[in-house]
1. State which residue is farthest from Gly35 (Cα to Cα) when the search covers only region 63-94 and only residues that are touching a residue at least 40 places away in the same chain (Cβ under 8 Å) and surrounded by fewer than 20 Cβ atoms within 10 Å (Cβ to Cβ).
2. Would you confirm, using the coordinates I've provided, whether Ile169 is of a type in the set (Val, Ile, Thr), farther than 19 Å from Val39 by Cβ and buried (at least 17 other Cβ atoms within 10 Å of the Cβ)?
3. Just the residues that are without any contact (Cβ under 8 Å) to a residue 60 or more places away in the chain and part of a loop (DSSP other than H, G, I, E, B), please, taken from region 167-180.
4. How many of the residues in region 116-127 are open to solvent by 50 Å² or more (accessible area, probe 1.4 Å) and either touching a residue at least 60 places away in the same chain (Cβ under 8 Å) or under 14 Å from the mean Cα position of the chain (by Cα) (or both)?
5. Can you list the helices (runs of 4 or more DSSP H) lying wholly within region 31-121 that have 1 or more residues being under 16 Å from Ala8 (Cβ atoms) and touching a helix residue (DSSP H, G or I) at 6+ places or on another chain (Cβ under 8 Å)?
6. Answer yes if at least one residue in region 41-59 is buried (at least 19 other Cβ atoms within 10 Å of the Cβ) and more than 27 Å from Leu118 (Cα to Cα), and no otherwise.
7. Please name all residue pairs, on different chains or six or more residues apart, with Cβ atoms under 9 Å, provided the first residue is in region 181-195 and is closer than 27 Å to Leu5 by Cα and open to solvent by 70 Å² or more (accessible area, probe 1.4 Å) and the second residue is at pLDDT 85 or above and in a helix (DSSP H, G or I).
8. Residue under question is Leu142, and the condition is that it be part of a helix (DSSP H, G or I), open to solvent by less than 70 Å² (accessible area, probe 1.4 Å) and in contact (Cβ under 8 Å) with a residue 12 or more places away in the chain; does it hold?
Amino acid sequence: MSITLLFAVGLMFGIAGISGNFMGWFLGAGFTGAGSVLVLLTPVILFLAWGSIIGNQFLLPMNRMRGYSIAVCSGLFVNVIINVLLIPQYGAQGAAVATSISEGVVLLAMMIIVRESLDQWVWLKELPLLIIAGGVMVSALLVMNKLPIQPVGLTFLQIIVGIGIYLVILYLFKTKTLNWLLDKISVVINKRRQK
């Protein structure tokens, strides 16, 4: 869960940071405005990653199908209601908001269902640090959007810079998850060198 959260938060903020520039050249000039829709959908990355672990690696293997079904149906119900309310006025942006909220509801329902069986707060200790690192990263990426660089090249530069900023900040925060990952990578590299 800790590793999943590390990557999910990084992806969420990273995609939000490059969406404006990326959508313009990837889908064409006519889709430049779609960047805002992509930003509104980014929370889904975190909700799905987190919910997938609780649902697919805990509820389903424990044969708690009823709880799983309640969570999924709750999200579906909320999604339909919010879509009906928002799509007529806000279109694709309304649908994106509805999707993000409904996935959040599914996750929240799963967390409530497993609250007595699974200590989830252990994984959430580093979440504020991940969000701070992601916030700094997305701020830097948004500033980079103003650079006079060809769009495709700018996107790749933003990806490299964004990953670097995110990892450096987490390293400075001395997050246990990143340190654990770095230790594992170091062990693999040392084994290959010995061969």
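1. Arg64
2. yes
3. Of everything in region 167-180, those that are without any contact (Cβ under 8 Å) to a residue 60 or more places away in the chain and part of a loop (DSSP other than H, G, I, E, B) turn out to be Phe173, Lys174.
4. 1
5. 34-41, 43-54, 92-113
6. Yes, the conditions are met somewhere in region 41-59.
7. Pairs that qualify, where the first residue is closer than 27 Å to Leu5 by Cα and open to solvent by 70 Å² or more (accessible area, probe 1.4 Å) and the partner is at pLDDT 85 or above and in a helix (DSSP H, G or I), are Leu182/Tyr171.
8. It is false that Leu142 is part of a helix (DSSP H, G or I), open to solvent by less than 70 Å² (accessible area, probe 1.4 Å) and in contact (Cβ under 8 Å) with a residue 12 or more places away in the chain.
The values are calculated or read from the model by the stated rules, or taken from the named source; none is laboratory data. Quick caveat, the model's predicted, so the values are computed rather than measured. Glycine also receives a Cβ, built like all others from the backbone with ideal geometry; neighbour counts cover every protein chain displayed. Surface areas here come from the heavy atoms of the whole protein model, side chains and all, with no ligands, DNA or RNA. Shrake-Rupley method; radii C 1.70, N 1.55, O 1.52, S 1.80 Å.
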